[in-house]
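Report on the structure given below.
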Amino acid sequence: QVQLVESGGGLVQAGGSLRLSCIASGNIFRFNSMGWYRQAPGKQRELVADITSSGITNYAGSVKGRFTISRDNAKNTVYLQMNSLKPEDTAVYYCNAQNILGPYWGQGTQVTVSS
């Protein structure tokens, strides 16, 4: 059993910053990919950013240049530094990790950006 626990969400004004963290624990095999998704009310869950075990990153176009994903493989932790936040970034952010046994999801953390 794998558990992903997110932290770092909250309320911030437009233009502000937040840093999300996600720690994986449990019966962990090597994660090929770790990343962040988000889901706003009435919308589908979408990829924000992901990173491979070798450090290759991928970003949604809407966050490129503002968000930075990183991971610490030794700690099974992935981070999302979010700068220049906009009201449209408001959503529940979910941590995702994938290995040969399948995808895993965290419970989500709320990010609210006020205008």
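The values are calculated or read from the model by the stated rules, or taken from the named source; none is laboratory data. Just so it is clear, the structure is predicted and the values come from calculations on it, not from any experiment. With ideal geometry, Cβ positions are generated from the backbone for all residues, glycine too; neighbour counts draw on all protein chains shown. Protein only, heavy atoms only, side chains kept; ligands, DNA and RNA dropped before computing areas. Shrake-Rupley method; radii C 1.70, N 1.55, O 1.52, S 1.80 Å.
Size estimate for the chain follows the Kirkwood approach: the inverse of mean 1/r over distinct Cα pairs works out to 14.0 Å.
Ignoring any ligand, DNA or RNA, what whole percent of the accessible area of the chain comes from carbon and sulfur when the probe is 1.4 angstrom? About 49 percent, which is the carbon plus sulfur part of the accessible surface. Net charge of the neighbourhood of Ile51, taken over other residues with C-beta under 12 Å away and scored Lys/Arg +1, Asp/Glu -1, is -1. For the range 1-91, averaging the sequence separation of C-alpha pairs within contact (under 8 Å, six or more residues apart) and dividing by the residue count gives a relative contact order of 32 percent.
Rolling a 1.4 angstrom probe over the protein heavy atoms with all chains in place gives the range 1-99 an accessible area of 51 Å² per residue. For Asn76, no residue has an amide H sitting under 5 Å from its own, ignoring neighbours fewer than 5 places away on the same chain, with H placed 1.01 Å from N.
For the range 13-73, the fraction of alpha-carbon pairs lying more than 13 Å apart is 69 percent, rounded to a whole number.
One chain, two ends: Ala74 and Gln110. Fully extended at 0.36 nm per residue, the span grows by 10.3 nm beyond their Cα-Cα distance.
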